[in-house]
Amino acid sequence: MSKYRAILFDFHDTLAHIIDLHELTERTKKILGEQRFGVVQKHFVDWHTNNTPQQDVLENIVSEISANEDEEKIIKNFIAPKTYEIFPETKNVLFALKESGFLLGLVSNTPSWTKKIIKELALEKYFDTLVFSTDVGVLKPHKDIFLQAITTLGIAPQDGVMVGDSIEKDVTGAINAGLHGILLDRSGTVDHPNKITNLNELLAMVL
């Protein structure tokens, strides 16, 4: 019998990823320049902890850096990219865990836009709770975002485990909130005592 009742997951680079994130970032930076790109980044990070409509965020950026029409399109693509792709094993693993009786939660540092992506990727149905920084008002590793998830699930912290690709935000954040933490290191390059290199390995750890 598993020592966990609930498994929480990060979203970005854990369940899904932006296919061309590096290229998208570098292209946007090159076109706008370092200083103006820094303004875009600040607005984007702030958007992770509030529910400001996407169009308002875009208009605020365009106004502040005096972006032209072509630059506005580039900025929009940067703050709300459409090239998300789930990892090959994601749905099978979530299905297996759900069928095995685990409570599942999604805990993500994400702007409002990403909620739409999660629906489009058909991931919502696997989760018993979805906790977004944009609704809670704090970012991982703040313990409140984890505590909201386990409170909604009705479990004690020690009965839950967080799975994510960031030691600081996911693993350490969860542990500081009283949960367990498992690092997802897809590159296999991080030295950590409690890690997996793909989600399939999680099944062997918890079942």
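Bear in mind that the values in this text are calculations on the coordinates, not laboratory data. Everything numeric in this text was worked out from a predicted model, so none of it was measured. Don't worry about glycine lacking a Cβ; one is built from the backbone with ideal geometry, like all the others, and counts go over all protein chains shown.
Karplus couplings for the stretch 180-197 from phi (6.51 cos²θ - 1.76 cosθ + 1.60, θ = phi - 60°), rounded to Hz, Gly and Pro as x?
8, x, 10, 7, 9, 10, 5, 7, x, 10, 9, 8, 8, x, 10, 9, 10, 10
Projecting each Cα onto the charge dipole of the stretch 74-207 (Lys/Arg +1, Asp/Glu -1 at the beta carbon, about the Cα centre), which of Ile150, Val93, Val107 comes out farthest on the positive side?
Result: Val107.
Stokes-Einstein at 4 °C, 1.567 mPa s, Kirkwood radius from Cα pairs: D for the stretch 87-207 in µm² s⁻¹?
Details: Rh = 14.7 Å.
D, rounded to a whole number, is 88 µm²/s.
Roughly what percent of Cα-Cα pairs across the stretch 21-79 reach past 14 Å?
Tail of the P(r) past 14 Å holds 49 percent of the pairs.
Shape verdict for the stretch 51-115, please, from the Cα gyration tensor: rounded (a/c under 1.5), prolate (a/b greater than b/c) or oblate.
Prolate is the answer for the stretch 51-115, as a/c is 1.5 or above and a/b outweighs b/c.
On alpha carbon coordinates alone, what is the Rg over Rh value for the chain, Rh being the Kirkwood radius?
Numbers: Rg = 17.8 Å, Rh = 17.9 Å.
My calculation puts Rg/Rh at 1.00.
Per-residue HN-Hα couplings for the stretch 128-140, Karplus 6.51 cos²θ - 1.76 cosθ + 1.60 at θ = phi - 60°, whole Hz, x for Gly and Pro?
After applying 6.51 cos²θ - 1.76 cosθ + 1.60, I find 8, 8, 10, 10, 10, 4, 4, 8, 7, x, 9, 9, 4 Hz.
What does the highest-first list of 85-95, 124-134 look like by mean Cβ count within 10 Å?
The peptides rank, most packed first, as 124-134, 85-95.
About the Cα centre of the chain, what is the dipole size in debye to 20, counting +1 per Lys and Arg Cβ and -1 per Asp and Glu Cβ, all else neutral?
Value, rounded to 20: 420 debye.
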